[in-house]
1. Among the candidates Phe87, Phe91, Phe48, Phe77, single out the residue that is without any contact (Cβ under 8 Å) to a residue 12 or more places away in the chain, in a helix (DSSP H, G or I) and under 25 Å from Leu185 (Cα atoms).
2. Considering only segment 94-114, state which residues are in contact (Cβ under 8 Å) with a residue 60 or more places away in the chain, closer than 16 Å to Trp228 by Cβ and not polar (S, T, N, Q).
3. Here are Ser230, Ser222, Ser205: which of them is at pLDDT 90 or above, within 26 Å of Lys80 (Cα to Cα), surrounded by 18 or more Cβ atoms within 10 Å (Cβ to Cβ) and of a type in the set (Gly, Ala, Ser)?
4. Taking the stated definitions as given, is Glu34 touching a residue at least 12 places away in the same chain (Cβ under 8 Å) and farther than 17 Å from Ile155 by Cα?
5. With respect to Val218, determine if the residue is among the hydrophobic types (A, V, I, L, M, F, W, C), part of a helix (DSSP H, G or I) and farther than 22 Å from Ala58 by Cβ.
6. Take the residues of segment 90-114 that are crowded, with 19+ Cβ neighbours inside 10 Å and among the polar types (S, T, N, Q): which is nearest to the chain's Cα centre (by Cα)?
7. Counting only residues that are of a type in the set (Phe, Trp, Tyr) and in a helix (DSSP H, G or I), which one in segment 147-199 is farthest from Val57 (Cα to Cα)?
Amino acid sequence: MIYLKNIGKYFLMLGQVFTKPQKPSIFRENLFKEIDELGIKSLGIVAFISFFVGGVVAIQTGLNVDNPLIPKYLIGFATKRSIILEFAPTFMAVILAGKVGSYITSSIGTMRVTEQIDALEVMGINALNHLILPKVFATVTFYPFLVLLAMILGIFGGWVSGFATGLFSSNDYIIGIREDFKPFLIQYSLIKTMVFAFVIATVPSFYGYYVKGGSLEVGKASTQAVVWTSVVIIVLNYFLTQMLLS
């Protein structure tokens, strides 16, 4: 029953989040701040992981394509599809759920236990709208750019790994990248990214906003937020794949 109760509280929270900001100027200021905290500061880890995972995918594919009847360009094709369809949108979303989700929960949770949120509500401010809406807009608008960067660096990392190991030629890899290119697959990945970004912004905010106790409870709430955000992303990934690709 507690899960149903939390789901109900979550959707009631969203109803208060999506109201018109009381002061648009303050909302814009908070929005740019959240883009910096939740998006720009994640560029480094996204670039680093994307490059090396792309290289690993290409190497593993190259090692398994050892049949002389299988064309070598399939290495580039498989790497491209793997990165665009799953790695860039889903794997990066899970990573960001851990990095960004824990930050959101701990920051809002700390405001709750130190009664800063109570002070906002006493002043007549919609705390949910003030704290969470900028985070939602920041993640939903900026994370597609992060995923596009992950796609580019992942595919580039695959090319570098082939060049460094000699498992396949650059020409074969580039032919594989160009083979059967479907722009809709990038649209599919970006749609998934925007849904996942919404989850990353709202689920940790829910756990942070409704935390009770002290710093120990804030830490526990951060762990719960990361776990449940990842679970929701994986479940939504299944349903979105069924709806958009089937």
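1. Numbers: Phe87 fails: without any contact (Cβ under 8 Å) to a residue 12 or more places away in the chain; Phe91 fails: without any contact (Cβ under 8 Å) to a residue 12 or more places away in the chain; Phe77 fails: without any contact (Cβ under 8 Å) to a residue 12 or more places away in the chain.
On inspection, the qualifying residue turns out to be Phe48.
2. Val94, Leu96, Ala97, Gly98, Val100, Gly101, Tyr103, Ile104, Ile108, Gly109
3. On the way: Ser222 fails: within 26 Å of Lys80 (Cα to Cα); Ser205 fails: within 26 Å of Lys80 (Cα to Cα).
The conditions single out Ser230.
4. Values: touching a residue at least 12 places away in the same chain (Cβ under 8 Å): yes; farther than 17 Å from Ile155 by Cα: yes.
Spelling it out, Glu34 is indeed touching a residue at least 12 places away in the same chain (Cβ under 8 Å) and farther than 17 Å from Ile155 by Cα.
5. Numbers: among the hydrophobic types (A, V, I, L, M, F, W, C): yes; part of a helix (DSSP H, G or I): yes; farther than 22 Å from Ala58 by Cβ: yes.
So Val218 fits the description; yes.
6. Thr90
7. Narrowing segment 147-199 to residues of a type in the set (Phe, Trp, Tyr): 156, 159, 163, 168, 173, 181, 184, 188, 196, 198.
Remaining after also requiring in a helix (DSSP H, G or I): 156, 159, 163, 173, 184, 188, 196, 198.
Working: Phe156: 11, Trp159: 11, Phe163: 14, Tyr173: 13, Phe184: 22, Tyr188: 21, Phe196: 23, Phe198: 28 Å.
Applying the filter and picking the extreme gives Phe198.
Residue by residue, here is whether (1) under 18 Å from Trp228 (Cα atoms); (2) touching a Leu at 6+ places or on another chain (Cβ under 8 Å); (3) modelled with pLDDT of 95 or more; (4) surrounded by fewer than 20 Cβ atoms within 10 Å (Cβ to Cβ) holds:
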{"site": "Ile84", "(1), (2), (3), (4)": "no, yes, no, no"}
{"site": "Gln116", "(1), (2), (3), (4)": "no, no, no, yes"}
{"site": "Ala119", "(1), (2), (3), (4)": "no, no, no, yes"}
{"site": "Val140", "(1), (2), (3), (4)": "no, no, yes, yes"}
{"site": "Ile155", "(1), (2), (3), (4)": "no, no, no, no"}
{"site": "Ser161", "(1), (2), (3), (4)": "no, yes, no, no"}
{"site": "Gly166", "(1), (2), (3), (4)": "no, no, no, yes"}
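The values are calculated or read from the model by the stated rules, or taken from the named source; none is laboratory data. Since the structure is predicted, the reported quantities are computational estimates derived from the model, not experimental observations. As a convention, Cβ positions derive from the backbone with ideal geometry for all residues, glycine included, and neighbour counts pool all protein chains shown.
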